1. If I ignore ligands, DNA and RNA and count only protein heavy atoms, how much of Arg260 is accessible to a 1.4 Å probe, in Å² to the nearest 10?
2. How big is the antiparallel share of DSSP beta bridges in the chain, given as a percent to the nearest 5?
3. Which order do you get for His58, His195 if you rank them by accessible area with a 1.4 Å probe, largest at the top?
4. Give the cross-link partners of Lys157 among the aspartates and glutamates, using a straight C-alpha distance below 14 Å as the criterion and excluding same-chain residues fewer than 8 apart.
5. Using the Cα gyration tensor of the range 14-57, with a ≥ b ≥ c the square roots of its eigenvalues, what is the shape: rounded (a/c below 1.5), prolate (a/b larger than b/c) or oblate (neither)?
6. On a 1.4 Å probe surface of the protein chains, which of Trp35, Trp76 comes out largest in accessible area, and what is the full order?
7. Viscosity 1.002 mPa s, temperature 20 °C: Stokes-Einstein D of the chain from its Kirkwood Cα radius, in µm² per second?
8. Multiply the residue separation of Ala15 and Ala237 by 0.36 nm, subtract the distance between their alpha-carbon atoms, and state the gained length in nm to one decimal.
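The values are calculated or read from the model by the stated rules, or taken from the named source; none is laboratory data. None of the values given here were measured: they were computed from a predicted structure. No Cβ is skipped: glycine too gets one built from the backbone with ideal geometry, and neighbour counts run over all protein chains shown. With ligands, DNA and RNA removed, areas are computed over all heavy atoms of the protein, side chains included. Shrake-Rupley method; radii C 1.70, N 1.55, O 1.52, S 1.80 Å.
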Amino acid sequence: MIARIRITLAVLFVAIVTLVLLPFQLLFLKLRLPWRNRLPRQWHRLTLWALGVRVTVHGQPSRERPLLVVANHASWLDILALGAIADVTYVAKAEVRDWPVFGLLARLQRSIFIEREQPRKSQAQAGDMAGRLNEGDIVVLFPEGTTSDGNKLLPIKSSLFAAATAAAAHAPSGTVHVQPVAIAYTKVHGMAMGHYNRPLAAWPGDVDLLPHLLGVLKEGALDVEISFGTPIDVTPATNRKILSAQAEGEIYDMLHRMLRRRPH
């Protein structure tokens with residue numbers, strides 16, 4: 001009974017917040033005002049509060065621009081957690097655009113939709129990302145290409161790292177900054193989550209979304225830690241495969257330090 005009440009109140013709160021903020025975001029998008037990037041952060045913060053998810057941050061987002069953030073991806077909660085820290089826009093797979101509710105939210109946050117299964121389009125898609133980077137947006141890329149079980153880092157795909165080198169060619173300084181970020185789910189109800197319980201927060205691709213969403217609402221007390229690594233300076237001459245390997249190594253190290261409860 002208590003869990004049902006918690007779920008009902010959380011859903012109701014998020015629905016009200018969304019309906020209140022929606023007209024403002026539509027206006028900001030239409031007028032291309034700076035708040036079109038800032039308002040989603042407030043929505044993310046309020047939604048995390050309603051879900052009972054606490055975010056602990058190690059380090060900070062780089063102040064340098066253009067900035068591409070590359071992070072591991074374990075759950076739809078990653079989007080809320082990162083979005084609550086900085087004014088970001090996400091790279092999402094094309095099918096997300098048509099998802100009920102989540103597709104609308106992704107469009108309202110000006111997500112960049114790509115077709116990962118179309119390698120021939122990767123250059124054009126990297127060009128779209130480069131354009132947004134040079135407009136000053138903080139673009140978040142999940143280079144694993146899918147979600148994991150939260151206990152490990154999946155192999156990173158290097159193709160969309162080309163966006164950084166493409167953006168560098170047109171950046172005033174000739175440099176783009178790529179910041180590795182690790183996201184780890186570490187506690188439930190204040191207790192260490194452990195390998196077995198990590199799927200309470202993680203959402204692997206073969207798990208249906210609605211049951212997982214209800215499970216998170218039922219728990220109501222999750223901790224996520226986010227570590228921001230040292231930005232990597234990228235020029236037009238940077239090799240994207242070397243860049244992706246460097247980012248992968250740093251994400252791996254940060255992730256495992258947090259999972260082993262040694263975040264610093």
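1. Surface open to solvent at Arg260 totals about 140 Å².
2. Values: 12 of 33 bridges.
Restricted to the chain, the bridges split so that about 35 percent are antiparallel.
3. Details: His58 25, His195 130 Å².
These residues rank, largest area first, as His195, His58.
4. Glu115, Glu117, Glu144, Glu248
5. Numbers: a/c = 5.78, a/b = 1.70, b/c = 3.40.
Oblate.
6. On the way: Trp35 110, Trp76 20 Å².
Putting Trp35, Trp76 in descending order of accessible area: Trp35, Trp76.
7. Details: Rh = 18.8 Å.
Estimated via Stokes-Einstein, D reaches 114 µm²/s.
8. Details: separation 222, 0.36 × 222 = 79.92 nm, distance 4.69 nm.
Result: 75.2 nm gained on full extension.
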